[in-house]
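The values are calculated or read from the model by the stated rules, or taken from the named source; none is laboratory data. This structure is a prediction, so every number in the text was calculated from the model and none was measured. Positions of Cβ are backbone-derived with ideal geometry, glycine not excepted, and every protein chain shown enters the neighbour counts. Heads up: the accessible areas ignore ligands, DNA and RNA and are worked out on the full protein's heavy atoms, side chains in. Shrake-Rupley method; radii C 1.70, N 1.55, O 1.52, S 1.80 Å.
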Amino acid sequence: MSEQRPPLPPFTRESAIQKVRAAEDGWNSRDPQKVSLAYSPDSVWRNRSDFVTGREEIVEFLARKWRREQEYRLIKEIWAYSDNRIAVRFAYEWHDDSGNWFRSYGNENWEFDENGLMRKRFASINDLPIAESERLFHWPQGRRPDDHPGLSDLGL
């Protein structure tokens, strides 16, 4: 029996939005093992200048990322979708081990297999240094509350 990760393609606007929120929730957990299960066993990524293949490399990549990007909080927003593809834009805030804050902005293109597992992920990301007073993402570590503004609401 194959693993399935609903909602499954082909996507409607509603199911694509669900998929985007599920991805955001997973990444906000900062649990590399849990997050890796949303990807096909042979998933291929390009994340900035890193090229990652398969769940084991995904786990290693995310563990490194969240050691470096502390107090990570992410918001994703759907940009476009088609049968088995979704494009998102996102922003996340974090600080380094010296206490310097950043807001990272980016876009991702996703492709899913028939079981709803992401088989391709291409991410382009830019980091903007910010003062702690400029932070906009203030929920407790973990899932973004449903009543917290999204990217468009925050003017991002």
Which of rounded, prolate or oblate describes the stretch 1-43 when judged by the alpha-carbon gyration tensor and an a/c cut-off of 1.5?
oblate
222 nm mean residue ellipticity, helices alone, for the chain (DSSP H n ≥ 4; -39,500 (n - 2.57); rounded to 500)
-7500 deg cm²/dmol
If you place +1 on the Cβ of every Lys and Arg and -1 on the Cβ of every Asp and Glu, how big does the dipole about the Cα centre of the stretch 1-109 come out, in debye to the nearest 20?
200 debye
Could you give the length gained on full extension between A87 and F122, defined as 0.36 nm per residue of separation minus the Cα-Cα distance, in nm?
11.6 nm
Normalised by the residues of the chain, what does the relative contact order come to in percent, with Cα pairs under 8 Å and at least six apart?
27 percent
Å² of accessible area per residue within the chain, as computed with a 1.4 Å probe and no ligands counted
52 Å²
Specify whether the C-alpha gyration tensor of the stretch 37-82 places it in the rounded, prolate or oblate class, a ≥ b ≥ c being the square roots of the eigenvalues: rounded for a/c under 1.5, otherwise prolate if a/b is larger than b/c and oblate if not.
oblate
I need the peptides 72-80, 91-99, 52-60 ranked by packing, meaning the mean over residues of other C-beta atoms within 10 angstrom, with the highest value on top.
72-80, 52-60, 91-99
For the chain, take the longest principal axis of its alpha carbons; what is the angle in degrees between that and the long axis of helix 54-68, to the nearest 10 within 0 to 90?
10 degrees
Angle, helix 13-29 long axis vs. longest principal axis of the chain, Cα atoms, 0 to 90°, nearest 10?
50 degrees
Relative contact order (percent, whole number), the stretch 10-99, Cα cutoff 8 Å, 6+ residue spacing:
32 percent
Would you mind classifying the stretch 20-97 by shape? Square roots of the alpha carbon gyration tensor eigenvalues, ordered a ≥ b ≥ c; an a/c under 1.5 is rounded, otherwise it is prolate if a/b is larger than b/c and oblate if not.
oblate
Report the gain in length on full extension from D146 to E57: 0.36 nm times residue separation, minus Cα-Cα distance, nm rounded to one decimal.
28.9 nm
